[in-house]
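Note sheet for the following structure.
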Amino acid sequence: VLEISMQDRLLGALAEAASDGAFCLLPEQRDQLTEQHAGSQAHMLRLERMLVGVAEAFGDAGIDFRVLKGASLAHLVYSDPAWRNAADVDLLIPSDRFDAAVRIATDQLGGEQLIPQLRPGFDREFGKESLVRIGKFELDLHRTFVTGPFGLTIDLDELFRQRTEITIGDRQLFGLSAGHRFLHACYDTALGDYPVRLGSVRDLLLCRTQLDVDFDQIVAMARHWRGVAVVQRAAQLVIDTAGPDAGADFAELAALDVSRSQAWLLRSYLTPARSYSRPLASLAVISGCRARWRYARAIFAPSPAYLRSRGWTERSHLRRSLRRLARRG
Amino acid sequence: VVERFAADVLVERSSAALWRRLLDGVLVLAPEMPEPLRFSTPGEVLWAMLDQPCTFAELVDAWSVLYEISERTARAVIEPVFVAWCDGGAVVAARRSPYM
């Protein structure tokens, strides 16, 4: 049980259940859980300390940002932050400040960008995130919620028009609004990991309890973002995973009609060749010939620095892509 | 402790201290601490008491009543935890007590 809880990011849930007496443990089992939980929370505190330092540096540079996932959900959605753990710090950065944020994280905070951009300028225009290692910890600077076509149709400016205050130590930071947080949890559940992690389903169930807008507004936002298929899939996964009783609230969303085009885009996330099918599907949602060309060039002919970081050559990259896609076909 | 936090000096948790409740105590990471410090259940009770400003003497008094032990024993139990928190910046002097 402990192993499953760690794989599915449910260590906090197990600790909460043990603390409440909802899950009975033998003394030695409780000791084992206590140690694992303490270790995960020590990691969380170290991450939060890094977050406070990053927030200060970004604040000095006038970079607005939103705290995502672990640190945000722990403080805003969970009854006690100790019941949520995380591996890294995730921040959402406005596209036009993305390069500046990466520069601060690397130059000022001593971080190392783990994977170079596909081509210069790609991350701020099309990318999902840039991973920066600062000391022993990972800082994920997100431009959007997910990679691939559904990440490219989100109205990113809208995410910065609203916010929720989070207090971490003596700093006031900001997370997404409750509605956007719910939608982000839908994107994470539906598209984040395949198969879905139970921890993501738990996050979504808890985000539902904090939701301050009705589902009509959520569906309207999802339509605006061309992400109805994402919300529908997330709701169905909640029902399938948590059962019809716990997931009863999600029946309305699971019954949403999904257009054929969105169903096709969704399939690009659910195939073993998704690291190649998602970029191809992305071409269908990018507006403008020039933008499409920039995207395609980056995908098919990445920069030498990017290829080197993956241990690939131009030829091996092309061969690998074609092989994977052919296997998918 | 007696020198730094005399009977009329109020102390409280530092607002900069990060902390988590554990299954068997509390974990605290303050700005001057290189690593989080873990304290078992008595530490958690002490940390909860420090949510509001109080004097060290009040902590000792409350502790001795709570656990039905002498003030001398209570002081001996509390002092090392308290010193570790003060040294790490997790507990700081508040304002002077208006009642003293």
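The values are calculated or read from the model by the stated rules, or taken from the named source; none is laboratory data. The structure presented is a predicted model; accordingly, all values stated were derived computationally and were not measured. Reconstructed Cβ throughout: ideal geometry from the backbone, glycine too, with neighbour counts over all protein chains shown. These area figures cover heavy atoms from the full protein model, side chains too; ligands, DNA and RNA do not enter into them. Shrake-Rupley method; radii C 1.70, N 1.55, O 1.52, S 1.80 Å.
Overview of values
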item	result
Most mobile listed residue (A:Glu165, A:Glu56, A:Glu28) in chain A, GNM with C-alpha springs under 10 Å	A:Glu28
Cβ-Cβ FRET estimate between B:Val65 and A:Asp249, R0 fixed at 56 Å, reported to 0.05	0.75
Chain B - percent of accessible surface contributed by carbon and sulfur, probe 1.4 Å	55 percent
Average other protein chain Cβ within 10 Å of Cβ, residues A:163-169	2
Candidates A:Pro94, A:Pro81, A:Pro304, ranked by Gaussian network fluctuation over chain A, Cα under 10 Å, top entry	A:Pro304
Computed FRET value (nearest 0.05) for B:Gln52 with A:Val213, which takes r as the C-beta separation and R₀ as 30 Å	0.25
In Hz, Karplus ³J(HN,Hα) per residue of region A:121-132 (6.51, -1.76, 1.60; θ = phi - 60°; x = Gly, Pro)	x, 5, 4, 6, 9, 10, x, 8, 7, 10, 9, 10
Gaussian network model of chain B, Cα within-10 Å springs - most flexible of B:Gly89, B:Gly43, B:Gly25	B:Gly25
Cα gyration tensor shape for region A:260-329, rounded if a/c is under 1.5, else prolate or oblate	oblate
Per-residue average of Cβ from other chains inside 10 Å of B:13-19	5
Amide proton proximity set for A:Asp90, modelled H, under 5 Å, gap of 5+	A:Leu68, A:Gly70, A:Ala71, A:Asp140
Backbone HN-Hα couplings from phi across region A:151-167 [Karplus 6.51/-1.76/1.60, Hz, Gly and Pro as x]	x, 8, 10, 6, 7, 5, 4, 4, 5, 9, 7, 10, 6, 10, 6, 10, 9
Total accessible area lost when A and B pair, probe 1.4 Å, Å² to nearest 100	1700 Å²
Whole-angstrom Cα spans of the protein assembly as shown along principal axes, big to small	78, 50, 40
Whether region A:224-275 is rounded, prolate or oblate, judged on the alpha carbon gyration tensor where a/c under 1.5 counts as rounded	oblate
Number of partner chain Cβ atoms within 10 Å, mean per residue of B:21-31	6
Region A:133-243: C-alpha gyration tensor shape, a/c 1.5 cut-off, then a/b vs b/c	rounded
For B:Thr73, solvent-accessible area (1.4 Å; no DNA, RNA or ligand), Å²	70 Å²
